[in-house]
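Trainee: Have a look at the structure that comes next, please.
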Amino acid sequence: MESGGMSKNSTLICVPIMGETIEKMVVDMSKAKTSGADLVEVRLDTLKRFNPRQDLEVLIRKCPLPTLFTYRPKWEGGQYEGDENSRRDALRLAMELGADYVDIELKVAHEFINSIHGRKPEKFKVIVSSHNYQNTPSVEDLGNLVVSIQATGADIVKIATTALEITDVARIFQITVHSQVSSVPVIGLVMGERGLISRILCPKFSGYLTFGSLEPGIVSAP
């Protein structure tokens, strides 16, 4: 799916697609387009059955929006419990079949990015993500985390933390604002009820994208 129609300057709205079947995902992709989303995040780990080549071809061909594929493992808050090599193979296949983005976790990012060296399409972007389900670290620690993610060769940095207090959100905003001087865009989100405002105010603080949902109550862990 071509991503050329997306603005380079404004924060993108991404809708997670979390169906248990390919058919449900295709329907939800159309709903996301109608709702005004800029792109969809396809959560492969929510599928009950998954045939990588066949299903990825269908999802990419039928999606009316640019696609971000995520195959989140259990150890990073997702649902996938299978073989790690198979998981990464599926993300590489998504790239080869025309996905616009994939999300890969910091823990395995170096190996994944090295594996696609020289094979990466020009418009394809790798989002390297880190999720903290306990708290929101200090600005200094968050800054160091951004540097660590950038060092993997990431095209886009994604950091998701957990808000214990609503003021925790300010630290993430500081990081996204400071990232404007970098050539690597940053997605900064704060999970939990106290962090909801981070998704709403993300455009005000130069975040690359923010997440919305198709219906109330349908929210993915980032």
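Trainee: At what distance in angstrom do the alpha carbon centres of the range 58-105 and the range 109-166 lie from each other?
Mentor: Using only Cα atoms to place each centre, the spacing works out to 16 Å.
Trainee: Give me log10 I(q)/I(0) at q = 0.07, 0.11, 0.16 Å⁻¹ for the chain, Debye formula, one equal scatterer per alpha-carbon, no solvent.
Mentor: Summing over Cα pairs of the chain leads to -0.19, -0.49, -1.12.
Trainee: For the range 83-222, build the charge dipole from Cβ charges (+1 Lys, Arg; -1 Asp, Glu) around the Cα centre, then report which of Ala163, Val128, Gly192 sits farthest towards its positive end.
Mentor: The one lying farthest along the dipole's positive direction is Val128.
Trainee: Treating the beta-carbon of each Lys and Arg as +1 and of each Asp and Glu as -1, no other charges, what is the dipole magnitude of the chain about its Cα centre, to the nearest 20 debye? Spell out each step's value before the answer.
Mentor: Numbers: 25 positive and 27 negative charges, 80 e Å.
With Lys and Arg at +1 and Asp and Glu at -1, about 380 debye.
Trainee: Considering only Gly82, Ser213, Phe173, whose Cα is most displaced toward the positive end of the charge dipole of the chain, charges sitting on Cβ of Lys, Arg (+1) and Asp, Glu (-1)?
Mentor: The one lying farthest along the dipole's positive direction is Ser213.
Trainee: Next up: Between Ile166 and Trp75, what's the calculated FRET efficiency when r is the beta-carbon distance and R0 is 22 Å? Round to 0.05. Before the final figure, lay out the partial values.
Mentor: Details: r = 28 Å, r/R0 = 1.30.
Given R0 = 22 Å and the Cβ-Cβ separation, E is 0.15.
Trainee: Among Asp155, Asp83, Asp168, what is the fewest-to-most ranking by other Cβ atoms within 10 Å? Kindly include the intermediate steps, with their values, before the conclusion.
Mentor: Details: Asp155 16, Asp83 9, Asp168 19.
Listing Asp155, Asp83, Asp168 from fewest to most nearby Cβ atoms yields Asp83, Asp155, Asp168.
Trainee: Let me have the 222 nm mean residue ellipticity of the chain computed from DSSP H runs of 4+ only, each contributing -39500 (n - 2.57), with the sum over all residues rounded to the nearest 500. If you can, show how the numbers build up before the last one.
Mentor: Working: 7 runs with 77 residues, N = 222.
After summing the helix terms and dividing by residue count, I get -10500 deg cm²/dmol.
Trainee: For each of His117, His110, His131, count neighbouring Cβ atoms within 10 Å of the residue's Cβ, then give the residues from fewest to most.
Mentor: Details: His117 8, His110 14, His131 19.
Fewest to most other Cβ atoms nearby, the residues stand as His117, His110, His131.
None of the figures in this text is laboratory data; all of them are computed from the coordinates on show. Owing to the predicted nature of the structure, the values given are computational and were not obtained by experimental measurement. Positions of Cβ are generated from backbone atoms using ideal geometry, with glycine treated the same way; all protein chains shown enter the neighbour counts.
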